[in-house]
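The next block holds one structure in the form of structure tokens; read it before the comments.
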Amino acid sequence: MNKNICKIQTKNGDVFMKTTGIVRRIDSLGRIVIPKEMRNSLRIMENDMLEIAVQNESIVLKKISTFSDSMNYFDEVLKLISKLYDCDTFITDSSVIYYYEGKNKDKYIGKNMSEYLLKCLKNRNVVKESNVSFLHIIDDEKESGLNCNYLLIPIIDSGDTYGILGFLNFDNVDNIINIGKIIEKILKLKVSNI
């Protein structure tokens, strides 16, 4: 196989070959640097977990979500919140909408999150908009976004960011803010056990 060809696995599991023209040397500890351009295009961030596998004579790296083992815990809690407070809820990992409960569920799950959400994640700040604001959730030019009240809580543990917990409401922002504070505390407890 040509040394300038790499295999890239997409989110849906498809593997394709791509010529990169980049050659890297492995250091004495067996480390190799993934070029910044590749990390950016595949949304691989610092502290992301990568699964390493061998496929034929190639090494395949696959990004693993932090929430894959604990989603059953989040799933029930977020469904209950969505029903009780009439709001949409979602969780992202460091790059995609991992879970969504609400009216737009099928539209968002598994899609790359918007640049705005990435910026919120990198800044590590809780973002609260209580004056019906426009919000892009996914990175898709066709997406029109939503006019809503929202609360975005970065999920942080031991200094590492894991994703965002989001609450969207189209009527009453007070419900979102109150429940967001409670869930933020629950997530801190749960993420520290991951």
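The values are calculated or read from the model by the stated rules, or taken from the named source; none is laboratory data. Nothing here was measured: the structure is a model prediction, and the numbers come from that model. So basically every Cβ, Gly included, is an ideal-geometry build from the backbone, and we count neighbours across all protein chains shown.
Tabulated data
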read-out	value
Flag for Lys142 being in a helix (DSSP H, G or I) and loosely packed, with under 14 Cβ neighbours inside 10 Å	no
Residue, modelled with the lowest pLDDT, within region 34-52, restricted to residues that are in a strand (DSSP E or B) and surrounded by 11 or more Cβ atoms within 10 Å (Cβ to Cβ)	Met49
Which listed residue, of Phe90, Phe170, is surrounded by fewer than 20 Cβ atoms within 10 Å (Cβ to Cβ) and outside the structural domain of Arg43 (by TED's automatic domain parsing)	Phe170
Residue under evaluation Leu78, criteria (1) within 9 Å of the chain's Cα centre (by Cα); (2) of a type in the set (A, V, I, L, M); (3) part of a helix (DSSP H, G or I), criterion not met	(1)
